[in-house]
Structures are given as C-alpha cells and as structure tokens.
Amino acid sequence: MSILILLLVVLIVVLGVADIRRNLITKPVFGIFKKILPPLSDTEREAMEAGDVWWDGDLFQGKPDWKKLHAIPKAELSAEEQAFMDNEVDTLLKMLDDYKIVQEQRDLPPEVWQYIKDNGFFAMIIPKSYGGREFSAIANSTIVSRIATRSLTAAVTVMVPNSLGPGELLMHYGTQEQKDRWLPGLAAGKEVPCFALTGPEAGSDAGGIPDTGVICKGQFEGQEVLGIRLNWDKRYITLAPVATVLGLAFKLYDPENLLGEKTELGITCALIPTSHEGVEIGDRHFPMNMAFMNGTTYGKDVFIPLDWIIGGPDYAGRGWRMLVECLSAGRGISLPALATATGHLATRMTGAYSYVRQQFGMAIGKFEGVQESLGRIGAYTYSLEAMRVMTAGAIDLNLSPSVVTAIAKYHMTEMSRTLLNDAFDIHSGRAIQVGPKNYLAHGYMGIPISITVEGANILTRNLMIFGQGATRCHPYVLQELEAAANPNAEEGLQQFDSLLMKHIGFALGNTFGALWQGLTLGRFNSSPVSGETAKYYKQLSRMSRALALSADFSMLMLGGDLKRKEMLSARLGDVLSHLYIASAVLKFYEDNGRQVADLPFVRYSIERNLFEIGKAFSGFFQNFPSAVVARLLKTLVFPFGIGYKMPADAVTQEISDALLKPGVIRDRLTHLCFIGEGDEDPTGLMESAFIAVHEAQPVMKKIYAAQKQATLPRKIPMEQLIAKALELNVINADEAKQLVRMNELRFASISVDSFKPGVLSDNAI
Ligand SMILES: Cc1cc2nc3c(=O)[nH]c(=O)nc-3n(C[C@H](O)[C@H](O)[C@H](O)COP(=O)(O)OP(=O)(O)OC[C@H]3O[C@@H](n4cnc5c(N)ncnc54)[C@H](O)[C@@H]3O)c2cc1C
C-alpha cells in the first residue's frame, strides 16, 4: 500500500511540476514525436487545413453527442426550389430520351442544351445578384438526383458547372472584376465552363501536374503587359469540347522574380476564354459510352495577362488550397446525388420486375435468393438517401467537411455499384439487352465513372478518409504537429507540453472507457431516444470509443508509417465511415417522424454497419504489426469477442416484401425516381404492369381456385387460360378484359429490344 502511495506521489510530482515534467517527459516524447511523425509537406498541410471538422470529429473522438446530431436542422427544399423541381426539372425530364441521347445522337439534342442554359440549370450555385438561382446544396443534390434517374448524361452535364469549376472558384476567390465579367454569362448559360486539372501524367496525384506557367512580359490587346506563358496538356475534362471558358490548373514559376522573391509559386488556377489565341480544345473522349461532353485540351506557349489568375495576382500559387476546399463541398453533393439516383431507380424498377416476372409458376420476388438481393437494394437505398440528405445539409450549414464528403463519395458510389449489380442479377437478361426498353444499362455503364472521378475510390478510401481523418478529427494531433514544426524550438516545446498532458488524459479516458463499454457491452451507454433504436446508439458510442483508442495506439506505434500502411489505416477509415453512415440513418429516421414502416430499413442498415465495423476491426487486429499490442487492444475493446452479425433473413424479407407492393413505403423510398407517362416509356410501362398485375390478383384468385378444382387446366398460355375461364364462367367479360390488358402489359414489360440486321453496325463507333 505504502509503495502505491509513494508511486502516486512521484507521479503527481512528475506530472504536476512543470519543470520536472517538461525535462523528464515532454522533451523525450517531443523528440520521439518529431521522429515518428515527419513534418507535413505543403500540399499535405494545405489538404489537412482545408475544410471543416464536423460530426466526423465527434465520431472520431469517442464521445458522439447524439443530441447535437439530432439538433442539426433537417435539410429541406425551399418553396422556390420545390417549384423548380415541379416545373423546370419536370419539363426537362420529359424532353429526354436517354436511349437516343446515348446510343444514337451521342449528345444532348440542341433543344435540350438550350433549355438547360435558358432555365438556369447551370446557375444553381450562382448568387441571384448575378442572375443565378442561388439554390441550396440539398436542392442542387435533389435536382441532379432526379435528372439522373432519367438520364445520366443530362445529370452530369447539369452537375459539372454547379460543382467544382469556374463558377464555384469565382464565387469563393474571384476578384470583383472577375465576378462581374464571368458570373452573369455563366448564369445565363451564355458561357459554358469546364475545369482542367487532370493530365496524362497526373491523375490522383493532382499536386504533381507537369503543366507550367512562367511569369513574363508579353503582348495583350496591343500592349506589353506582365503575364504568364502557359503550357498544358490535359485529358478527361468534362464539358471541354463545348466549353467557352476554361478553368486551368498549372504550376506557376517566376524565374526572373518579376512578382517577388519566390521562383516557384506553386499550383495556380486561371480562367481563360477558349477563344483565346493558342487554346486548343482537342478531341472528344467517349467515357463508357456516355454521351456527356468530355475531352482534351492543350496549349503551347499561350500568353495570358496576370489578372486572369482566379483571385488576381494575390492568388498566384494558392490554387491547391482553393481546389481542395471547393472539391470537398462538390464531392459531398454530385457523386452522392448520382449514387442515390441509382438506388431510387433500381429499387423501384427491380421491386416491380420481381413481382411481374414469373418463373416456376410464381413471382421471382417470392424466391428467397431474389429476396436477399432485393432486400439489400432497398436497405442500401435507404442509407443512400439518409447520407445524401445529411451530407448536403452540412454543406448548407456553410461547412466544407472534407472527411465526411470523402466518406460519402466513396461509400455511396460503392453502395450504388453493389445495388446495381443486385438489380442486374435480378433482371438478368432483361437488363443485359441494351435498347430503348432497358432502363438500367446506362446507369451500369456509368458506375465506373462515378467510382473514378472526384478522387478515385481506392485512393479515397485508403488515403483520404483515415489519412485525413486521423489528423483532422483528432483533438490534439494537428496542433502537436504544428508545435513540432514551430521554428522556435522552446516555444514549440511549451505548446507541446500542454497538448501532451491533454492527450494523455484523452488516451486514458478512452482506454478505461473502451474497457468498461467492452465489459458491459455498451449497455450502460446513454441514448438520446427510447425504443427499438436506443440499442444502436449505445453500440455506435461504444464503437466510436473503440476507434478513438485504436487510432491513438496506431499513431503511437506506427507514426508516419501509418499513412503508408494503407490496408491497415483504411480499416480504421471503414470504422469511421460506417459510424457516419449509421448516424445518417438514425438521424433520417428521427427527422422523418420515426415511421414504423422504416424500421426494417433502419435495422438492416445499422446492423450491417455494425457488422462491417466488426469486420474492419477484426482485419485491423489481425494485421497490426505488433501481435502483443493487437491482442491487448482487442481484449480492451472486445473482451468477449466481436459479436456483431449481419441482419437476420426475416429483416431482409420484410424489406423485399415492402418493395413488391405498391404503397407509401415504396413511394417514399423512391421519391426521386422518374416514371415516364404511358406505356411507351420503359419505366412507365414497368410501373403500369406492376399495378395491373396487383389489381388483377382478386380475379386471378378465381382462376387459381378453378385450377385447383381441375375446372381449368394448369399449364396453358395465359391468353388461352383467360379465354377458357371466360367460356366456363369462372370470370366475367369485364374481368377477362382486365386480365387481357394485364397480360399485355406484363408481357411488354418483360420484353427486350432486338434490332433488324444492319441497324447496329450503322451505329458502330
Ligand atoms: C469521365 C471522367 C470525367 C472527368 N472529368 C474531369 C474534369 O472535368 N476535370 C479534371 O480535371 N479531371 C477530370 N477527370 C479526371 C479524374 O479526376 C481522374 O481520372 C482521377 O483523378 C483518377 O486519375 P487517373 O484516372 O489518372 O487514375 P490514376 O491516378 O492513375 O489512379 C489509378 C488507380 O490508382 C489508385 N491510386 C493512386 N494513388 C493512390 C494512392 N496513393 N493510394 C491508393 N490508391 C491510389 C487510384 O485510386 C486508382 O484506382 C475525369 C475523369 C473521367 C474518367
């Protein structure tokens, strides 16, 4: 006992007396810290500092404040935005024939281009004072989503000018003169923008672009002015083939020190009219057969005046920061909107098809194998919508949460890939034969594009989510790094000293918290709600604590190596991501008034999230470089093993059953899905067939009963069966008419396209 007291006294003296603590603890730890966490490069630092920490910070720090989550206002459309959805968007959708656009015209028709330009589709983010629509992020997202359920080509065309590009960059950084010059034209659709960063040698590593600008004097409008001589070679640039204004990223050099002392200024962005001498808009690409404009641009020794730099000469060399900040907001809107659209379309059409399509004498949706895929489609779509709304909502709070938007981009596009595969599996041949009747094919072709753009997915998962999250969301690490980088060593040490004490307290809190919650299985954690979902809040809090502890251990053990150990760090990123997805689902459920009918979707989603968290931890422990530390961590966090399981089959079946019935649940879940009018449109036809087959059930029951009594034969074609049933008075004439119509619709909806000889070769690329 006396030894314990002695130890405690020593500890109090060492920690409590600043000089002793600084010499005995802080100094050596500071030395080790500097060694294991090398200073950030400029681009890393700018990426780290750009954007905001939001709900991801709560989840990462081990103590999510659920009341704070619930208090975040629900993102909703204003009356003006809703009117735009009901009128302009609706009109646009009716003008689109996606098969013709993609397979025949390979472009939007001229009248669609004009409609988009004239009606402010390119002006959604531009302020009203410049003639724009000044819509919210949720409106931007909802509009793009809705269009994407009809035509991915049209959606991407609308999306790009409202995402990262000249408009966004001008609004944030443009000089007044630049705003006045460009924004009214962009809002009116008279100017079409594109933004060129990527080139043959630099894709993911955008900071390594080889395109150059050199400060020099040159001729502009008959006068000698200070400007930039540019050389660039870019590819994959969306809208480049039709752009009138090119946003260009390049590395700026000032070898003659005409601007100042620095010779290497860094990445810079400029706006250049495509009509400017020397600007070459090259050939068009054909990305996965999609018809949106995408192509190359290059220029050799093109001279531009200095004030074409976005933000003016003051912003020379500040382009990387600008791009990282703006890309983060766009990443939370555009790709999430496309992914959600995939979910809405796939859910509505696959549910209908599973009911209409019969094999072995029954609707395929009644087979458990199909139910498994259908349940996943429905549950993923619920999660997608929840994430879409919550993430756009953050951007509407004027936040630019870079980790959250990376999570949304990666997971939502991956989920849409999975659910589209499920939709294809269920539709089988019906989805494979491309033609006007196929409503899924173009979405399927477009999936790799969503996976690749705005941060290719492997990079996003492995480098950005945890790589940025660990430093950004941690309460102390970024400040500790700053202290380590302080050129005044003594001042750095003092800063580090106070941070270290807080960090130790944080780590100890997480260690005991994780152990307690592990031993009690999180049962005593608080929940902001009662009822069925309370247990999920408790488990998510527990896993949040486990993440905070594991992240600290990893950084301590691996230091700077952690970012190279992508497979390991990505798993911690997965934990953070699934905590975020689950938070979005719980918030969505609350914000929508705790609909009982939503519970199976909530259960499936959260139980899957917890299962994935367990899987990620399992892989993390298995591959942690020190087996002893891994065992210790695992024992602290999961003393009784990882017990999370995938949702029960009964939950999957509840969801798939809901998708096989017309009604509010299906309507709510797929509210963004475009359904064409009449039987000419494939989505309208599928919907009509679905309703007709449902409505015919009472009549069909009479036929089944007669078949049971052997009054009617069993295995004869439907037309003959209807005629026979009428002849034998099993059904009356009106009922026979209803069944004939139902059967026509049913057959038409399961039909696919075929082409006369020569038609396809005429269209070949
Ligand atoms: C249809 C389309 C439209 C586009 N529109 C535009 C546009 O308008 N403007 C523009 O500037 N660009 C645009 N892009 C470019 C797009 O942003 C890039 O394609 C993307 O950044 C990936 O670059 P890359 O294709 O060269 O792949 P690479 O950079 O060669 O990457 C190849 C693979 O390696 C992975 N990878 C790379 N580095 C790492 C790492 N450190 N850790 C883990 N994995 C890594 C990537 O995730 C990817 O899977 C577009 C691309 C496409 C296909």
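The values are calculated or read from the model by the stated rules, or taken from the named source; none is laboratory data. Owing to the predicted nature of the structure, the values given are computational and were not obtained by experimental measurement. Positions of Cβ are generated from backbone atoms using ideal geometry, with glycine treated the same way; all protein chains shown enter the neighbour counts. We work out accessible area using only protein heavy atoms, side chains counted, and drop any ligands, DNA or RNA first. Shrake-Rupley method; radii C 1.70, N 1.55, O 1.52, S 1.80 Å.
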Legend entry - Helix-only CD estimate at 222 nm, as mean residue ellipticity for the chain, using -39500 (n - 2.57) per DSSP H run (n ≥ 4): -17500 deg cm²/dmol
Inset, instruction - Mind jotting down the three principal axis lengths of region 488-554 based on Cα atoms? Whole angstrom, largest first. - result: 55, 21, 17
Inset, instruction - Put one equal scatterer on each alpha carbon of region 206-313, apply the Debye formula with no solvent term, and list log10 I(q)/I(0) at q = 0.13, 0.15, 0.16 1/Å to two decimals. - result: -0.49, -0.63, -0.71
Inset, instruction - Just list whichever of K34/K262; K217/K409; K34/K645; K701/K756; K100/K409 have alpha carbons separated by over 31 Å in the model shown. - result: K217/K409; K34/K645; K701/K756
Legend entry - Set of region 216-255 residues, backbone N closer than 20 Å to the point 7 Å along the Cα-Cβ line of E177: 216-230, 245-248
Legend entry - Percentage, to the nearest whole number, of Cα pairs in region 553-659 over 24 Å apart: 37 percent
Legend entry - For region 519-613, the Rg and Dmax computed from alpha carbons only, in angstrom: 15.3, 48
Inset, instruction - Just the ratio, please: alpha-carbon radius of gyration of the chain over 2.2 N^0.38 Å, N its number of residues. - result: 1.08
Legend entry - Surface/4 estimate of mean projected area, convex hull on alpha-carbon atoms of region 368-445, nm²: 6.1 nm²
Legend entry - T212 long-range amide H proximity, modeled H, under 5 Å: N231, K251
Inset, instruction - Provide the percentage of antiparallel DSSP beta bridges, counting only those with both residues in the chain; round to the nearest 5. - result: 85 percent
Legend entry - Packing rank of 506-514, 242-250, 229-237, where each peptide gets the mean count of other beta carbons within 10 Å, highest leading: 242-250, 229-237, 506-514
Legend entry - Low-density loop positions, GluC sites (Glu not before Pro), region 657-706 - DSSP coil, at most 14 other Cβ in 10 Å: E677, E680
Inset, instruction - Between L519 and K565, with labels modelled 7 Å along Cα→Cβ, what's the label distance in nm to one decimal, could you check? - result: 2.8 nm
Inset, instruction - Mind checking the full-extension length gain between Q707 and Q219? Use 0.36 nm per residue of separation minus the Cα-Cα distance, one decimal, nm. - result: 166.7 nm
Inset, instruction - With the full set of protein chains in place, find how many percent of the accessible area of the chain is carbon and sulfur; take the probe as 1.4 Å. - result: 55 percent
Legend entry - With DNA, RNA and ligands ignored, accessible area of D649 (1.4 Å probe; Å², nearest 10): 110 Å²
Legend entry - Shape category assigned to region 383-542 from the gyration tensor of Cα positions, a/c cut at 1.5: oblate
Legend entry - Size-normalised alpha-carbon gyration radius of region 450-576, reference 2.2 N^0.38 Å: 1.25
Legend entry - Euclidean distance of C-alpha centroids, region 456-522 and region 398-431, integer Å: 31 Å
Inset, instruction - Quickly work out the S526-to-E256 label distance, labels modelled 7 Å from Cα along the C-beta direction, and quote it in nm with one decimal. - result: 6.7 nm
Inset, instruction - For V664 paired with D301, estimate the spin-label separation in nm (one decimal), with each label point 7 Å from Cα along the Cα-to-Cβ line. - result: 7.2 nm
Inset, instruction - Would you please classify the overall shape of region 77-203 from the alpha carbon gyration tensor, given that a ≥ b ≥ c denote the square roots of the eigenvalues, rounded means a/c under 1.5, and beyond that prolate means a/b larger than b/c while oblate covers the rest? - result: oblate
Legend entry - Heavy-atom accessible area order for K179, K74, K67, largest first, 1.4 Å probe: K67, K74, K179
Inset, instruction - Take every Cα pair under 8 Å in region 128-247 that's 6+ residues apart, average their separations, divide by the length, and report that relative contact order as a whole percent. - result: 25 percent
Legend entry - Where trypsin sites (Lys or Arg not before Pro) fall in DSSP loop in region 623-687, at most 11 other Cβ within 10 Å: K645
Inset, instruction - Multiply the residue separation of A507 and M288 by 0.36 nm, subtract the distance between their alpha-carbon atoms, and state the gained length in nm to one decimal. - result: 74.0 nm
Inset, instruction - Please calculate the 1.4 Å probe accessible area of M349, with all protein chains present, and give it to the nearest 10 Å². - result: 0 Å²
Legend entry - Per residue solvent-accessible surface (Å²) - the chain, probe of 1.4 Å: 42 Å²
Inset, instruction - Would you compute, for the Cα atoms of region 149-224, the largest minus smallest coordinate along each principal axis and list the three values in descending order, in whole Å? - result: 52, 34, 22
Legend entry - FRET efficiency, 1/(1 + (r/R0)^6) with R0 41 Å, evaluated for K128 and E104 via beta carbons: 0.60
Inset, instruction - Could you tell me which GluC sites (Glu not before Pro) in region 183-274 are loop residues by DSSP with no more than 12 other beta carbons within 10 angstrom of their beta carbon? - result: E201, E221, E256, E261
Inset, instruction - Please express the shape of region 255-333 as an equivalent ellipsoid: the semi-axes are the square roots of 5 times the eigenvalues of the C-alpha gyration tensor, given largest first in whole angstrom. - result: 28, 20, 10
Inset, instruction - Averaged over every viewing direction, what's the projected area of the C-alpha convex hull for region 301-436? Give it in nm², one decimal, please. - result: 12.6 nm²
Legend entry - Radius, Kirkwood style, for region 699-744 when every pair of distinct Cα atoms is counted (Å): 10.2 Å
Inset, instruction - Using the 2.2 N^0.38 Å rule of thumb for compact globular proteins, work out how region 678-765 stacks up: its C-alpha Rg over that value, please. - result: 1.42
